[in-house]
């Protein structure tokens, strides 16, 4: 629905775009022949990816001795890259889930690309633990599954196992969240494309999406559930990653500030990457009307706020080291700033704190070329932050005799470059096979802050215009309509119906209100985006799907606790770090991740089961309901009202076409 117009608000979409314009502008990039500029970036990115995977192959065949690690510095570029890419993946969930829960509508232009960035970044991050195993073909040993090697289970107290469970859950929920949000757009591409192969692929992925208001009602419930689950997931994943360091006793790592410090840093680096990608995408794909300077301005403000928080975190670290009176802790931080790796510390500080201060100026926040400077600096700075935390805390430990330097080998540098190439290659492919902006969500905010939009006269009186004649479908068409309406039980044999098409949501709402006031039954409505207020007019109550997700979460919570308590206390009791066998607080990370995982997956499964959506399901043949048309299906009374009266009611609300019939069989 349209919002009250205020001079302080700016439209979220520039220009007088229509719903059809949105479909054309965004979908026209899908499946077309790439430009020379796209190839000029894609081919070098693929070449970098190839170099990286050749380096990985050499590492796997020869061992991690090909890296520059030594007895003192056992972690180097590999863990640095792992933590960096996990952090990059956080911004996608923040933009999609957190901003959705806070009803920040400007997220609609950037959430799809941010979600894709999350998937690709986590894929890059997941490679490094596999490489570091030395024998990656045994990766499944980290899974807690019954085996034939005797009574043997994974160590549920280990932060490294928490990493595996948290990242797996985060990837699964993020991928599910991305796909669920894309289903309406996949249906739009299915109805738009003329290629048989394209229709088959998009049709299978769209699961027979029809734009039904009943489906939209349940869809929004599950989407909100996934957003609610993903929000604490953002905090938990990087908090668990930080525990790899914070649970140790190494000076510079053993700090309670690490969880919030890591989470803020992840959001900071991820936002910089998203903003940088959006600067290029909007220019190359000519999407300036949808990713406006106002969107960039808001993102720059978040980036500026994060830079201030990060600067404060760096200061608190030094303050804590000094105030603690621990000479080893103080030496570690002094060594970071003034030691042999001091150049990396000051690079980090300059890139993450000093350069982003240019975003205080409004001109910088509204000039894309100037925005690129802090975006690039933060990306570089956040990588150096992870390098500083890991290497400078290790290379000089308690024994001066073991002090040494760490120098990455060419293999490590090639793997680093290869991951950037992989990330860029995946993102470029994404821009060519899927819509880079959420089409349905953009249509929902199209009239935001537009004067004169959303006003629809409906005084309940006939305006004297000739009522259009109902067009009766063929028997084949009536069978398609029965499928379209998705009725659980077919109505009586002589039940009459009609479907009215409207050019906007306001006409549809007016017609639904009039139909309900006259005591007629609304079978269903079909819209290209969710129309708020429509489920209430149709008499739809609160969806029960959220309770299915809640019970599934409770099952995951109970299952996670039972599994860990049984294995650690009874089946494989091993004393770890002097902790008791039944140390329930340390079981919470895995329990929480299993709770989120089962709640999300079972909720989505319930959505598909309750709406009849499954791969290959044929969509209803309703013209334009995934593009710019709004349809209302009404069951006509047997004799209490003349059909001409019903069509007149629908016409007064602005119907452009009315299609009807005398039977659904």
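Within segment 51-66, can you find the residues that are surrounded by fewer than 14 Cβ atoms within 10 Å (Cβ to Cβ) and either in contact with a helix residue (DSSP H, G or I) (Cβ under 8 Å, 6 or more places away or on another chain) or part of a helix (DSSP H, G or I) (or both)? Reasoning before the result, please.
At the first step, the residues of segment 51-66 found to be surrounded by fewer than 14 Cβ atoms within 10 Å (Cβ to Cβ) are 57, 61-63, 65.
Selection gives 57, 61, 62, 65.
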- Item | Subset of segment 12-34 that is within 24 Å of residue 193 (Cβ to Cβ), out of contact with any helix residue (DSSP H, G or I) (no Cβ under 7 Å at 6 or more places or on another chain) and touching a residue at least 12 places away in the same chain (Cβ under 8 Å) - its residue that is surrounded by the most Cβ atoms within 10 Å (Cβ to Cβ) | 25
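When you scan segment 8-18, do you find a residue that is part of a helix (DSSP H, G or I) and at pLDDT 90 or above, even just one? It would help to see each step written out before you state the result.
Narrowing segment 8-18 to residues part of a helix (DSSP H, G or I): none.
No: segment 8-18 contains no residue that is part of a helix (DSSP H, G or I) and at pLDDT 90 or above.
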- Return the residue satisfying two criteria in turn: it lies in segment 487-502 and is part of a loop (DSSP other than H, G, I, E, B) and buried (at least 17 other Cβ atoms within 10 Å of the Cβ), and of such residues it is modelled with the lowest pLDDT. 491
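For segment 282-302, does any single residue satisfy the condition of being assigned to a helix (DSSP H, G or I), closer than 30 Å to residue 408 by Cβ and either touching a residue at least 40 places away in the same chain (Cβ under 8 Å) or touching a strand residue (DSSP E or B) at 6+ places or on another chain (Cβ under 7 Å) (or both)? Write out each step before concluding.
Here is the first cut: in segment 282-302, the residues assigned to a helix (DSSP H, G or I) are 282-284, 293-302.
Pick out the ones that are also closer than 30 Å to residue 408 by Cβ and you get none.
No, segment 282-302 contains no residue that is assigned to a helix (DSSP H, G or I), closer than 30 Å to residue 408 by Cβ and either touching a residue at least 40 places away in the same chain (Cβ under 8 Å) or touching a strand residue (DSSP E or B) at 6+ places or on another chain (Cβ under 7 Å) (or both).
Quickly run through segment 180-201 and pick out the residues that are touching a residue at least 12 places away in the same chain (Cβ under 8 Å), under 18 Å from residue 617 (Cβ atoms) and touching a helix residue (DSSP H, G or I) at 6+ places or on another chain (Cβ under 8 Å).
We begin by selecting, within segment 180-201, every residue touching a residue at least 12 places away in the same chain (Cβ under 8 Å); these are 180-193, 195, 198.
When the remaining residues are screened for being under 18 Å from residue 617 (Cβ atoms), the result is 180, 182-191, 193, 198.
The answer is 180, 182, 183, 184, 185, 186, 187, 188, 189, 190, 193, 198.
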- Residues of segment 87-131 being closer than 12 Å to residue 438 by Cα and not in a helix (DSSP H, G or I), which ones? 110
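Let's see how each residue does on (1) assigned to a loop (DSSP other than H, G, I, E, B); (2) touching a residue at least 40 places away in the same chain (Cβ under 8 Å):
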site: 515; (1), (2): no, yes
site: 523; (1), (2): no, yes
site: 531; (1), (2): yes, yes
site: 536; (1), (2): no, no
site: 541; (1), (2): yes, no
site: 546; (1), (2): no, yes
site: 549; (1), (2): no, yes
site: 552; (1), (2): no, yes
- Item | Only listed residue being farther than 27 Å from residue 522 by Cα and modelled with pLDDT of 85 or more, chosen from 590, 604, 634, 574 | 590
- Note on the structure: Those residues of segment 554-595 that are surrounded by 18 or more Cβ atoms within 10 Å (Cβ to Cβ), touching a residue at least 60 places away in the same chain (Cβ under 8 Å) and either assigned to a loop (DSSP other than H, G, I, E, B) or under 24 Å from the mean Cα position of the chain (by Cα) (or both) come to a total of 5
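Residue by residue, here is whether (1) farther than 17 Å from residue 370 by Cα; (2) buried (at least 16 other Cβ atoms within 10 Å of the Cβ) holds:
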position	(1), (2)
265	yes, yes
271	no, yes
291	no, yes
295	no, yes
300	no, yes
303	no, yes
306	yes, yes
321	yes, yes
325	yes, no
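The values are calculated or read from the model by the stated rules, or taken from the named source; none is laboratory data. Since the structure is predicted, the reported quantities are computational estimates derived from the model, not experimental observations. Glycine also receives a Cβ, built like all others from the backbone with ideal geometry; neighbour counts cover every protein chain displayed.
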